[in-house]
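K.L.:
Handing you this structure, nothing more for now.
The values are calculated or read from the model by the stated rules, or taken from the named source; none is laboratory data. In this text, all values refer to a predicted model and were calculated from it rather than measured experimentally. FYI the Cβ positions are ideal-geometry reconstructions off the backbone, even for glycines, and counts take in every protein chain you see. SASA here: full protein model, heavy atoms, side chains in, ligands and nucleic acids out. Shrake-Rupley method; radii C 1.70, N 1.55, O 1.52, S 1.80 Å.
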Amino acid sequence: MKKCFFSIAIIFILLWMTGCWDQDLLKNARLLYGTGFDLAPDGKLLSTFVIRDMTGIEQQSPKNDIIYTDSNTTLEGRDKIDDKISRFLRAYRNRIILIGEEQAKQDIYPILDNIYRDPKSALNARIGVAQGKASDLLSLKKVGNVLIEEEIDELIKSKELTTSVPKVTIETIYPVIKDSGEDFVLPYLIENGKRVDVSQSAMFHKRQFTGILNSDESTMYLLMKDDMGKVARFTRKISKGQQNGYDFLTFNVNKSKRKMKIQAQSGDQITVMLDLKWKVGIVEYPKSHLDDKEVVAQLNQILSKEMNLLIDETIKKMQTARCDGLGIGRKLRAFHPEIWKKQKEDWGSNYQKVHFVPNIQVEITKKGIVN
């Protein structure tokens, strides 16, 4: 009976003790809301930390304290920051990680390694590449009345919905970083007159920044990847001759159906058949006459031709950058393992030799309420 009572007492004490041993009180923390990494002139890592300061007065808005430091690694940079501030730096509220252009041309994984190992890191933080230096963007502190890290985070969110940039977080990028058969694409941010422009994408190969997709190419890439947001919009010149507002047509891709097939031919030549069928809606076309079936049929042909030119340009640019953003290597590994074994060691060069046969068919199904 005594042994039973003693065992129950021990279990009760152990249960009562758990729950407080790993507490991390907010009053002892300084919260990190944004981080930037650049290549310093001496080859070291220049880290920019955006720390949110709460004033303690309800009427006053929070402010950013921006601190810079040189270090050899990400963690060493955080340790140096801890030496400069009161309390302890914590990253579980971090919203954005920016990597400067020159630093992104290096292998970016060493920057992210500590973030993945730290159980208190914010894995839902968005990641992007900054034109020039990330520190210059974060040094803006505010865009209008919005703190810079919130503005960038919300701006990227909105561009994900319009199929302008890929939806990427620290968590979702990890399996692609570790996959030798697929590359990734990140939002590309530009400072434009004290504001931030997010409409382009940065291409990577072997975790290194290799090129840029412009706005239309970025949207086309996401549609090729079958990763459309709520809206995907294009504007194209329809008429020849003098340029005016009547010469342009804007349409939304309401529905996109993709079929991709990989064929391995003699001599290990790889051919990718990529078919896209779009149902689109006209949102702006001053010339109108969309009640005429012949006009609609002619516009279907014109838009199909324009979009096929765009997809050719996008694929060509991705092959030049060696960015296998569609995961062709992964599919080869799954369905043609013998060919993949031969080509995986120099997949970047072999990917440039892949023969793509894209085809886009555009069908206008919505014409707006005019006519």
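K.L.:
Going 7 Å from the Cα of S139 in the Cα-to-Cβ direction, what parts of segment 78-95 have a backbone nitrogen less than 20 Å from that spot?
P.N.:
78, 81
K.L.:
For the residue pair Q361 and E191, what label-to-label distance in nm results when each label sits 7 Å from Cα along the Cα-to-beta-carbon direction?
P.N.:
Simple spin-label model gives 4.9 nm for this pair.
K.L.:
Rank-order 332-340, 34-42, 127-135 by packing density, defined as the average count of other C-beta atoms within 10 Å over each peptide's residues, highest first.
P.N.:
Peptide ranking by packing, descending: 127-135, 34-42, 332-340.
K.L.:
Assigning unit charges at the beta carbon (Lys, Arg +1; Asp, Glu -1) and nothing else, what dipole magnitude in debye, to the nearest 20, does segment 237-288 show about its Cα centre?
P.N.:
Using only the charged Cβ atoms, the result is roughly 240 debye.
K.L.:
May I pose another question? Can you tell me which lysines have their Cα less than 19 Å from the Cα of K259? Leave out same-chain residues fewer than eight positions away.
P.N.:
Excluding near neighbours in sequence, the set is K225, K277, K279, K305, K331.
K.L.:
Add -39500 (n - 2.57) for each DSSP H run of 4 or more in the chain, then divide by its residues: what number comes out at 222 nm, to the nearest 500 deg cm²/dmol?
P.N.:
Computed mean residue ellipticity for the chain: -10000 deg cm²/dmol.
K.L.:
Given R₀ = 41 Å, FRET efficiency for E313-K84 by Cβ-Cβ distance, to 0.05?
P.N.:
The formula returns an efficiency of 0.30 here.
K.L.:
While we're on this one: Whole-Hz Karplus ³J(HN,Hα) for segment 245-252, in order, using 6.51 cos²θ - 1.76 cosθ + 1.60 and θ = phi - 60°, x for Gly and Pro?
P.N.:
Karplus values, whole Hz, x for Gly and Pro: x, 7, 8, 10, 10, 10, 9, 9.
K.L.:
Using +1 on the beta carbon of Lys and Arg, -1 on that of Asp and Glu, and nothing else charged, what's the dipole of segment 162-224 about the Cα centre, debye to 20?
P.N.:
About 180 debye.
K.L.:
Right, here's the next one. Helix by helix through the chain, keep the DSSP H runs that span 15 Å or more along the axis on Cα and average at least 1.0 on Kyte-Doolittle, and give those back in order.
P.N.:
What comes out of the filter, once short or polar helices are dropped, is 2-17.
K.L.:
Would you mind checking the radius of gyration and Dmax of the chain based on alpha-carbon positions, in Å?
P.N.:
25.6, 100
K.L.:
Is there a quick way to get the dipole size of segment 225-371? I mean about its Cα centre, with the Cβ of Lys and Arg at +1 and of Asp and Glu at -1; what is the value in debye to the nearest 20?
P.N.:
Once rounded to the nearest 20, the dipole reads 380 debye.
K.L.:
Over the Cα atoms of segment 126-219, Rg to Rh with Kirkwood Rh, two decimal places?
P.N.:
With Rh from the inverse mean 1/r over Cα pairs, Rg/Rh is 0.97.
K.L.:
Checking the table K63/K133; K44/K133; K206/K316 against a 20 Å threshold on Cα-Cα, which pairs fail?
P.N.:
Exceeds cut-off: K63/K133.
K.L.:
List the aspartates and glutamates whose Cα sits under 12 Å from the Cα of K342, skipping any in the same chain fewer than 8 residues away.
P.N.:
Cross-link targets: D268.
K.L.:
If M307, M273 are ordered by their accessible area, calculated over protein heavy atoms with a 1.4 Å probe, which sequence runs from highest to lowest?
P.N.:
M273, M307
K.L.:
Under 10 Å, Cα contacts only: if you run a Gaussian network model on the chain, which one of I97, I360, I302 comes out with the highest mean-square fluctuation?
P.N.:
Most flexible of the set in this elastic network: I302.
K.L.:
For segment 102-242, what is the accessible area per residue in Å², given a 1.4 Å probe and the full set of protein chains?
P.N.:
Computed with neighbouring chains in place, this is 44 Å² per residue.
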